[in-house]
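Taking it in order: structure first as structure tokens, then the write-up.
The values are calculated or read from the model by the stated rules, or taken from the named source; none is laboratory data. No experiment lies behind these values; they were computed from the predicted model shown. Note that each Cβ is placed from the backbone with ideal geometry, even for glycine, and that neighbours are counted across all protein chains shown. Just the protein is used for accessible areas: all its heavy atoms, side chains included, with ligands, DNA and RNA removed. Shrake-Rupley method; radii C 1.70, N 1.55, O 1.52, S 1.80 Å.
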Amino acid sequence: MSGTESPAPPPGPWRLFLIASRIGISGFGGVLPLIRHSLVEELRVLTGSDFNTMLGLCQVLPGSNVVNLAVCVGARLHGARGAIAFASGIVLAPFAGVMLLATAYGLWGHLPFVQDVLRGVAAAGAGLLFATALRMSRNVREPRIYLPFALLILIGVAVFRLPLPPLILALLIVATLIAHRRLIASKQQR
Amino acid sequence: MIWQITDLFVQFSLLNFVAFGGVTAMLPEIHRLVVEQRQWMDDATFAQLFAIAQAAPGPNLLFVSLIGWQVAGIAGGIAATLGICLPVSIFIFLLYQHWEKFRGTPWQQAIETGIAPLAVGLVCTSGWFVVASAHLDYRSIALTAGCTVLLARQTWHPLWFLAAGGLAGGLGWL
């Protein structure tokens, strides 16, 4: 457990709401990378492995990964009020934005220029997701044993079009059993 | 109207509990509900609303907000959004407290170790879905690859990359 810096003091609920609003409204092509960037790299209130653990828990459970993560992060930093502040911040500002966009798109969405811009934003947004996956993979313990599970998910969904819920559940059980056996074995060695 | 708003909230609350893999993974279920069962909109409208949600900033679940808006205006949007967020949020808040209490036990450590690589795989899969659904050609994919490499090495704000992508698209380079 080396190289993990001690986290900075957490911001209050109102500050959390503002931070979350800013993340939500600037989250083109994915909010998760921005949450990680803001909390782990800018504010340093969470460590990389904290973030991985929370995101892992949230992605295994149903619902919006972003809202789930916002509830976890808010709860971790400031209890129930933090959870409400961060989750509502993530949703409220972009909700207002999307209602305005719906109106604008009705008027100008058919223009080729608009469609070209959106395609460029989507391409960069995909790069942002891949880069986030790469950064997260650096925090995976014993990558030679566990990173193949990441590859299995990608192949299972992208190539074989398997439904996610049973795939995640199956891989989670196998990975957890391996981790548990190795943990017990390393404790007995000592 | 009141019936439709209530219906939106109840239906999306139910969907919330089966939405493994997030809202993007739920598109077939949402389509079945709003186009086939309730006949709230046609296929074309459904696809257009999805496009707007993809282009807009914010979480993917805003697609559900747009569905609600299409059915019953702003109130419908609010009802659908609360439905798709609230039930599991409360559940997770309660579960997370226990997750914190279990800290340090072997099974909890094992689950955390096992979950981390799956999260990496899921984020990567989302990236693949964006590339696939936007029908990107080789120049756009080159841009995606460039952003991936730079963003993985630098800590510059990601918004700069998105702005640059939009500019490149607007200039007709993609």
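With the alpha-carbon atoms of the range A:39-190 aligned to their principal axes, the span from lowest to highest coordinate is 68, 42, 28 Å, starting with the largest.
Among B:S140, B:S65, B:S13, the residue with the largest mean-square fluctuation in a Gaussian network model of chain B, with springs joining Cα atoms closer than 10 Å, is B:S140. Considered as an equivalent ellipsoid built on the Cα gyration tensor, the range B:72-174 has semi-axes of 35, 24, 13 Å, the largest given first.
Among B:I30, B:I84, B:I141, the residue with the largest mean-square fluctuation in a Gaussian network model of chain B, with springs joining Cα atoms closer than 10 Å, is B:I141. Distance between the pseudo-spin-label points of B:Q39 and A:E41 (7 Å out from Cα toward the beta carbon): 5.1 nm. In the range B:69-84, comparing the full protein assembly with the chain on its own, the residues that lose 50 Å² or more of accessible surface at a 1.4 Å probe are B:W69.
Around the amide H of B:A19, modelled in the peptide plane, lie the amide H atoms of A:G63, all under 5 Å away and 5 or more residues distant in sequence or on another chain. The charge dipole of chain A, taken about its Cα centre with unit charges on the Cβ of Lys, Arg, Asp and Glu (plus for the first two, minus for the last two), comes to roughly 600 debye. Pairwise Cα distances in chain B exceed 29 Å for 38 percent of all pairs. Heavy-atom accessible surface of the protein assembly as shown, averaged per residue, reaches 47 Å², computed with a 1.4 Å probe. Within the shell of other residues whose beta carbon sits under 15 angstrom from the beta carbon of B:H157, the net charge comes to +2, with Lys and Arg scored +1 and Asp and Glu -1.
Across the accessible surface of chain A, with the other protein chains kept in place and a 1.4 Å probe, carbon and sulfur atoms take up 67 percent. Take each residue in A:167-174, count the other chain C-beta atoms within 10 Å of its C-beta, and the mean is 3. Given +1 at the Cβ of Lys and Arg, -1 at the Cβ of Asp and Glu and no other charges, the dipole of chain B around its Cα centre is 400 debye to the nearest 20. One compactness figure for the range A:142-190 is 1.38, namely its Cα radius of gyration divided by 2.2 N^0.38 Å. Over chain B, dividing the summed -39,500 (n - 2.57) contributions of all DSSP H runs of at least 4 residues by the number of residues returns a 222 nm mean residue ellipticity of -26000 deg cm²/dmol. So what's the angle, to the nearest 10 degrees on a 0 to 90 scale, between helix A:143-158 and the longest Cα principal axis of chain A? The helix A:143-158 is inclined about 40 degrees to chain A. Dividing the summed helix terms, -39500 (n - 2.57) for each DSSP H run of n ≥ 4, by the number of residues in chain A produces a 222 nm estimate of -26000 deg cm²/dmol to the nearest 500. On association of chains B and A, roughly 7800 Å² of accessible area becomes buried (total for both chains; probe 1.4 Å).
In the protein assembly as shown, Rg over Rh equals 0.96, where Rg is the alpha-carbon radius of gyration and Rh the Kirkwood radius from pairwise Cα distances.
Computed from Cα atoms, the angle from the helix A:13-25 axis to the main principal axis of chain A rounds to 70 degrees.
For the range A:63-70, the Karplus equation 6.51 cos²θ - 1.76 cosθ + 1.60, evaluated at θ = phi - 60°, returns couplings of x, 5, 4, 5, 5, 4, 5, 4 Hz by residue, with Gly and Pro reported as x.
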